[in-house]
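Since the structure comes first, as structure tokens, the remarks are kept for the end.
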Amino acid sequence: MKFVEIVNLDIHGDHRGSLISLEENSMVVPFDIKRVYYIFDTKDDVIRGKHAHKELEQLVIAINGKCNFYVDNGFEKQTIKIDGPSKAIHIKGLVWREMMDFSEDCVLMVLASEHYNTADYIYDYHEFLDEVGKGIK
Ligand code: T46
């Protein structure tokens, strides 16, 4: 089982164009959607994220443009290119994440399972490794 899932979203297309629909508590979004936020206008050479969450579950989609999404569960690391509105990353719990290489037009939309709660964030990488059981004893 991968610690981050890449989900291909169904596109409802016809001669007018395309539409993607996301519903809470579905196969694609397996949680209550308590919050939606989007990241845009990210400056050159910026790395965002650099934290983990204790509990939060999220679905991340580049609804415009592209960026790279780096994930690390303390044991494995992976960089995923998110580059279109029909590709989502499902990320849950103790995963260190960093987002980089944003295109100028990138709009990263995130559906989240909880309201904003700073207590759910881990900003220290060594604390994160301790949490996943990989800290230096
Ligand atoms: C995550 C990655 C993918 C709020 O006021 N409400 C919110 O819901 C969020 C997410 C942020 N903020 C404020 C807190 C900061 O003053 O917006 C500012 C930027 O947030 P942050 O530095 O946390 O943004 P990123 O891009 O580093 O991380 C965000 C999410 O915080 C995080 O949960 O997984 O995107």
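In terms of its C-alpha gyration tensor, segment 76-129 has a prolate overall shape, because the principal axis ratio a/c (a ≥ b ≥ c, square roots of the eigenvalues) is not below 1.5 and a/b outweighs b/c. Computing FRET efficiency as 1/(1 + (r/R0)^6) for Asp32 and Ile80, where r is the C-beta to C-beta distance and R0 is 25 Å, gives about 0.50. For segment 13-38 versus segment 45-63, the inter-centroid distance based on Cα atoms is 18 Å. Once divided by 2.2 N^0.38 Å, the Cα radius of gyration of the chain becomes 1.08. Remark: for residue pairs Lys2/Lys87; Lys2/Lys43; Lys34/Lys134, the C-alpha separation exceeds 27 Å in Lys2/Lys43; Lys34/Lys134. Amide H contacts under 5 Å for Val7: Ala88, Ile89, His90, restricted to partners 5 or more places along the chain or on a different chain, H placed in the peptide plane at 1.01 Å from N. Shape class for segment 32-75, computed from the alpha carbon gyration tensor (a ≥ b ≥ c): oblate, with a/c not under 1.5 and a/b at or below b/c.
Quick check: residue separation of Tyr121 and Ser103 times 0.36 nm, minus the Cα distance between them. What number comes out in nm? Working shown, then result.
Working: separation 18, 0.36 × 18 = 6.48 nm, distance 2.60 nm.
Difference between extended and current length: 3.9 nm.
For segment 1-65, just say rounded, prolate or oblate: build the C-alpha gyration tensor, square-root its eigenvalues into a ≥ b ≥ c, call rounded for a/c under 1.5, and beyond that prolate if a/b exceeds b/c, oblate if not. Since a/c reaches 1.5 but b/c is at least a/b, the shape of segment 1-65 is classed as oblate. Restricting segment 72-125 to GluC sites (Glu not before Pro) that sit in a DSSP loop and have at most 11 other Cβ atoms within 10 Å of their own Cβ leaves Glu76, Glu104. Applying the criteria of a DSSP loop state and at most 13 other Cβ atoms within 10 Å to the chymotrypsin sites (Phe, Trp or Tyr not before Pro) of segment 48-79 yields Phe75.
Derived scalar couplings between HN and Hα for segment 76-91 equal 10, 10, 8, 10, 10, 7, 10, 9, x, x, 9, 10, 10, 10, 9, 10 Hz in order, rounded to whole Hz, by the Karplus curve 6.51 cos²θ - 1.76 cosθ + 1.60 (θ = phi - 60°), x for Gly and Pro.
Values quoted throughout were computed directly from the atomic coordinates according to the rules given, and no laboratory measurement underlies them. What you are looking at is a predicted structure, and each value in this text was computed from that prediction instead of being measured. Cβ atoms come from the backbone with ideal geometry, glycine included; neighbour counts cover every protein chain shown.
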